[in-house]
Each structure stands twice: as C-alpha cells, then as structure tokens.
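Just so it is clear, none of the values below were taken in a lab; they were calculated from the coordinates. Please read these numbers as outputs of a predicted model, since none were measured by experiment. As a convention, Cβ positions derive from the backbone with ideal geometry for all residues, glycine included, and neighbour counts pool all protein chains shown.
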Amino acid sequence: MSEATERGRCASNREGRREVGRSVTTSSCPILGYRRDSTSGNHTTSCSPSALPSSSSGGKRNPTNRNPNRCSMHGYSTDSTERRTVPLLLASLAVMCAWLCSKLMAAVHFSAPWWLDAPSSLAFYGVLNTLFDKHLWRNRFVRMLGLSRVPNLSGRWRGFLVSSFDGHVKRHDVLLQIFQSWTEISLYLTTITSISRSCVAEMQVSDPEGVALIYQYQNQPLSYAMKSMHMHYGTAMLRWSEQGDCLAGDYYSGRDRRTHGQIWCWRERKGRVMRYRHILEMVGRKREAS
C-alpha cells in the first residue's frame, strides 16, 4: 500500500514539473549572451526559495536567512568620484542647517544650556551622513542628480556555478546574499556544502564593459562536506547587467583548492520564480563544441 502511494506521489510531482515547464517565459542576460527562463506563480522549482540551496542527504540545511543588522559588513572601494564630492556637499548642508537652527532659536528666544553644544554643525553632518549612507544613496532623485553612481546590488540572488574541481560538468546551485550600504557591503555565497563570506571588495562603475564587483572571500565547508574540503580563500569578479538583472563572472580559489569556475546569478523578485534549465543545456553544448 505504501509503495503504491509513493508511486502516485512521484507521478504527481513529475506531472507538476511538466506543467511548470509549459508555462515558461524568457528574458535575457546580455553579459552571457544566454537566455533565462522565468515563471510566475508559487510553483516550487529547482530555483525556488525552498529548494536552493537544497538539503543534504542527512536532512541538514544551509543557514540562508541572514539578518542584515547582524551581518558584519566591511568597507568597499569604488572608482566613482562621489566619495569625494558628497561629503563636501553634506558638510555644506550641515553648516546651513546649523545656521538656520541658530536663527530659529534666536527668534523664539531659546538658549541651550552650557553643557549642550547646539546648534552643532558636526551633529547635523553626522545625521545627514548616516541618512545618505543607509537610505538616500538609493533614492531615484539622488541618482538623477549624479550624486550616487554605485548600483544597489543588495538582495538575494539565485543561480549556479560550475567548477574545475569536477571538470565543469556538474552545475551547483548557489544562493548569493548581498547586504549593501553606500560605504559598506557584505556578500554571503551558500552552496550545499560550504559558505563563503567576503573579506574585501571593490566596485568599478566606470569600466566600459559594465559595472564590475570584485571581492576576496573566505570559504568555510559545512560539517557534512567532503573530507577533502578545507577552509580556503579565493577571489571572484562578477559583472552586473542592469537589463537582465544578473551577476555573472569568474572565480578562483587559493593555495589549498586551486580551482576555478564561473558563477551565474539572478536577483529574486516577489511573485516570480526563476528557471534556467535551458541555460545549463546551452552551456553544456557550448563546452562540447569547443
């Protein structure tokens, strides 16, 4: 009785996957020259939140839900000139706010106690700098004025990687979580067997080939990874395509692993499930042809 029930459940799952495959629509990723499939709805696919990264044979799962307030972020450099011009603009606004505050206090005949330095230009600058660093740099109007050119890459990105460790044959599902402010960033790349965390990063926005995110990472194997895997360092360079909202590029690891490969990721959107099965087939055919 249990075997018949199990066969019926497997047949139902196969039928559901065929139905999802029939409702596929496509969008592009110009960096790769490949096409990406996407579907709408709540279907669970190989790239859905519940399946990526997938659980291990022992039933363990990777910790993928991270709170940005609890993640340690580090600074990142950029070739944009905004890091020099925006602080000067914020300082000018802080002085102006302090002057207006002093005029207002004089108009209402209010005097601050001796132990309170008010109005303070430094206090206004601190508030304005914090607001810009956390929120205003993402604002569309601020970007229209050219005050912020650094792209907002924060969010959850799902995709896959291929590695020279297994001859670029197997596609490994990955989840990339990016936490970003105007001056700080943190990247966590999770697979079934390991977690990588960024140590340093650079954002190149003036590159003619497009925005490039370059970072060094530390990879920590999980408890159920292969015994041959050890903690190691590596470097990745990903290019961002605004049209396809995808990150794609290469990585290589350091002394212990000495592996290299390629990464493809697309940003998660609400109410949309990413599918990229035919991309994998195209990549495989491309390697066979070469």
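General observations
- Distance between region 188-253 and region 97-144 - C-alpha centres, whole angstrom: 39
- Net charge contributed by nearby residues that have their C-beta within less than 9 Å of Arg156 (K/R +1, D/E -1): +1
- Diffusion coefficient of region 82-144 by Stokes-Einstein, Kirkwood radius over Cα pairs, 10 °C, 1.306 mPa s: 122 µm²/s.
- Net +/- balance of residues flanking Val142 in space, Cβ distance below 14 Å, scoring K and R +1, D and E -1: +3
- Entry for region 187-267 at q = 0.13, 0.20, 0.26 Å⁻¹: log10 I(q)/I(0) = -0.43, -0.91, -1.33, Debye formula applied to identical alpha-carbon scatterers, no solvent contribution.
- Distance between the 7 Å Cα→Cβ label points at Arg258 and Lys227: 2.1 nm.
- For a modelled paramagnetic label at Ser72, 7 Å from Cα along Cα-to-Cβ, the residues of region 210-235 in reach, with backbone nitrogen under 18 Å, are 216-221, 231-234.
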